[in-house]
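Asks: Just dropping this structure here.
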Amino acid sequence: MALVIRDTGKCSCGKHKGRSRRWKEFLRFPHINQCAELENKRDYYSLCVQQPIGKALFRMFCETKPHLKCCINFLDATVLPSIQCLTGCGPVSSFSYLCGFPGYRAVHDYLSGDPFKDYQDSMYFDRFLQWKMVERRPVTRDTFREYRVLGKGGFGEVCACQSRASGKMYACKKLEKKRLKKQKGEIMALNEKQILEKVNSRFVVSLAYAYETKEVLCLVLTLMNGGDLKFHIYNMGSPGFSKERVQFYAAQILCGLDHLHQNSIVNRDLKPENILLDDNGHIRISDLGLAVILPERRVVSGRVGTAGYMAPEVINDECYSNSPDWWGLGCLIYEMTTASPPFRDPNERVHRKELERRVMQSSERYGPQFTKETKAICETLLAKNPKERLGCQGGGASAVKAHVFFRGINFRLMEAGMLAPPFRPDPRAVYCQDVLDIDQFSMVKGVILDEVDYDFYVKFNTGSIAIPWQNEVRTRQEFYFNPDRKATALSAPVNESEVVPELQYSHQ
């Protein structure tokens, strides 16, 4: 599915740049006394490293203490400022990327002790609690403006939407309640939502909000304007990609899989339609409806996926862990290279059983499009025995990254977003088939919602997701502190007391 609404920040609101004229009301802070209900369990890495607003406020607190400011300066020094100047990229925020630098983890271990305790007694932490209360306000249909339909999912349409508070554009995936119940899709929908909540990677589509209306459940996701890989493989010039482009996309997919696997998530449905491009040409893995979280015993079973992309162990309904994803990566590299899936021709109509027989018994064919390195990685990823498959023999994603096919890719820079894509979508182009041809959903009849359904909706309707929501308000508003003791946030050319109530602090 290709997404074609541009996040330009422009709409009929003129100088407000996509924000509602009442956007300040959406972000009005509660009094600090109203924040006491927030839980007392406080984790340093969650509050001060992972959450964008929490990280900014903790840094501001540290900069008021000379001995802590030295720690912040050290952390900044590990961001490779010379590379930033060359690439024009902003500060690296990937914790996994920076953990490789000596002393980085030790500094965070120190800050998580007494400095973190002192921070919790400061006005900066009070401000953070106010932000958390704003973040937890109920999300409804009125939180967004809705625009044109972008595509069609299994249980409803996907449309573009815009946050009224910030003007940021998203894709809203709608799940019709009655259709969901009729097709017994509740478990799948809740599973996808809970998995997306755990994911925070530049290579996987992010969930920003989950809410309900009277008729539908809504997942508000990253808007990807560049189309999907299938459209680019078969509809943009000569079929297939150059080796450099295949290598770049495969590396980004690999980074996304690595993040999922680190969170014990197996995708199980890798295919070109589920890989989307953004405005700049970077890719993200989308549609985690068939993904699963590995239990403690580290293996699952289940005959799920798309015919032609399912690994042999999935077809045989055997137990597996991450092995189907490495098979899927092999299928993607093969198809990006030759513009054909490994076990059928692009326009060939093959019965599912015949396709599964080919996967189990036939060998893929390698034409002149395959270089020695590309053929080698496809053969090792498409090994029918998972014990012989690359990525399953120990080392996981690290072993795949070390393959000669990825020679020349600096994965640390890739994970930090510092490598330029080989292709950048044209902002004037539409990278999809005509969305006017999308079939309308028929009316669902004979389905009655009951108390069990409403209990399920409560689990689904959790509102804002912390990190994406904080990134939204951080990137759309200037965030600063007034040096005269009173904290302010959300800079605006108006009287701040109308936007953010002043705080009175009983401590220094």
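Each reported figure results from applying straightforward, stated rules to the coordinates on display, with no laboratory input. Keep in mind the model is a prediction, meaning the values are calculated, not measured. Don't worry about glycine lacking a Cβ; one is built from the backbone with ideal geometry, like all the others, and counts go over all protein chains shown.
Asks: By average Cβ neighbour count within 10 Å, what is the ranking of 143-156, 341-354, 444-457 from highest down?
Replies: Details: 143-156: 17.4, 341-354: 13.3, 444-457: 11.0.
Packing order, densest peptide first, comes out as 143-156, 341-354, 444-457.
Asks: Once you sort the root eigenvalues of the Cα gyration tensor of segment 260-385 as a ≥ b ≥ c, which label holds: rounded (a/c under 1.5), prolate (a/b larger than b/c) or oblate (the other case)? Can you show the working numbers first?
Replies: Values: a/c = 1.60, a/b = 1.19, b/c = 1.35.
Oblate, since a/c reaches 1.5 and b/c is not below a/b.
Asks: Next question. Packing-wise, with mean Cβ within 10 Å as the measure, how do 297-304, 135-142 rank, highest first?
Replies: Top of the packing list down: 135-142, 297-304.
Asks: Given N residues in segment 276-345, what is its alpha carbon radius of gyration divided by 2.2 N^0.38 Å? Present the calculation step by step, with values, prior to reporting the outcome.
Replies: On the way: Rg = 13.9 Å, N = 70, 2.2 N^0.38 = 11.1 Å.
Taking N as the residue count of segment 276-345, the ratio is 1.25.
Asks: What is the spin-label model distance, in nm, from A420 to A339 if the labels are put 7 Å beyond Cα along the C-beta direction?
Replies: Here the modelled spin labels are 2.7 nm apart.
Asks: Rounded to the nearest 0.05, what FRET efficiency do H67 and L413 have when you use their Cβ-Cβ distance and R0 = 22 Å?
Replies: On the way: r = 32 Å, r/R0 = 1.47.
Efficiency, from the Cβ-Cβ distance: 0.10.
Asks: Moving to a separate point now. Once fully extended, how much extra length lies between N347 and H403, figured as 0.36 nm per residue of separation less the alpha-carbon to alpha-carbon distance?
Replies: Details: separation 56, 0.36 × 56 = 20.16 nm, distance 3.18 nm.
Extending this stretch completely gives an extra 17.0 nm.
Asks: So between R303 and L449, what do we pick up on full extension, going 0.36 nm a residue minus the alpha carbon distance? The partial results should precede the final answer.
Replies: Values: separation 146, 0.36 × 146 = 52.56 nm, distance 2.97 nm.
Extra length available between R303 and L449 comes to 49.6 nm.
Asks: For G308, what is the net charge nearby, where nearby means another residue's Cβ is under 15 Å from its Cβ and Lys, Arg count +1, Asp, Glu -1?
Replies: So the surrounding residues net to +4.
Asks: Mind ranking 106-113, 56-63, 416-423 by how tightly packed they are, going by the mean number of other C-beta atoms within 10 angstrom, highest first?
Replies: 56-63, 416-423, 106-113
Asks: Once you have the Cα-Cα distance between S264 and S363, take 0.36 nm times their residue separation minus that, and quote the gain in nm to one decimal.
Replies: That works out to 32.6 nm of additional length.
Asks: Right, next: Using the Cβ atoms and a cut-off under 13 Å, what net charge is assigned to the surroundings of Y457, where Lys and Arg are +1 and Asp and Glu are -1?
Replies: Working: positive: K177, K178, K181, K193, K214, K459; negative: E176, E186, E212, E215, D450, E451, D453, D455.
Net of charged neighbours comes to -2.
Asks: Now for a different question. Excluding residues on the same chain fewer than 8 positions from K243, give the aspartates and glutamates whose Cα lies under 14 Å from its Cα.
Replies: Leaving aside aspartates and glutamates fewer than 8 places away in the same chain, those within reach of K243 are E335, E373.
Asks: Name the trypsin sites (Lys or Arg not before Pro) in segment 166-204 that are in a loop by DSSP and that have at most 12 other C-beta atoms within 10 Å, would you? If you can, show how the numbers build up before the last one.
Replies: On the way: sites: K168, K173, K174, K177, K178, R179, K181, K182, K184, K193, K198, R202; in loops: K168, K184, R202.
Filter output for segment 166-204: K184.
Asks: Now a separate question. Is the C-alpha gyration tensor of segment 325-407 telling us rounded, prolate or oblate? Criteria: a/c under 1.5 is rounded; beyond that, a/b larger than b/c is prolate, otherwise oblate. Could the numbers behind the result be given before it?
Replies: Working: a/c = 2.45, a/b = 1.44, b/c = 1.71.
The shape class here is oblate.
Asks: Grab segment 352-437 and count how many Lys pairs have their alpha-carbon atoms under 22 Å apart, sequence gap of 8 or more, or different chains.
Replies: Taking segment 352-437 as the scope, the lysine pair count is 8.
Asks: Here's a follow-up. Work through the residues other than L207 whose Cβ is under 10 Å from its Cβ and net out their charges, Lys, Arg +1 and Asp, Glu -1. Walk me through the numbers before you get to the answer.
Replies: On the way: positive: K173, K193, K198; negative: E192, E197.
Taking every other residue near L207 into account, the sum is +1.
Asks: Straight-line reach from K168: which aspartates and glutamates have a Cα under 18 Å away, not including same-chain ones fewer than 8 places off?
Replies: Partners found: D7, E25, E135, D142, E146, D278, D279, E472, E478.
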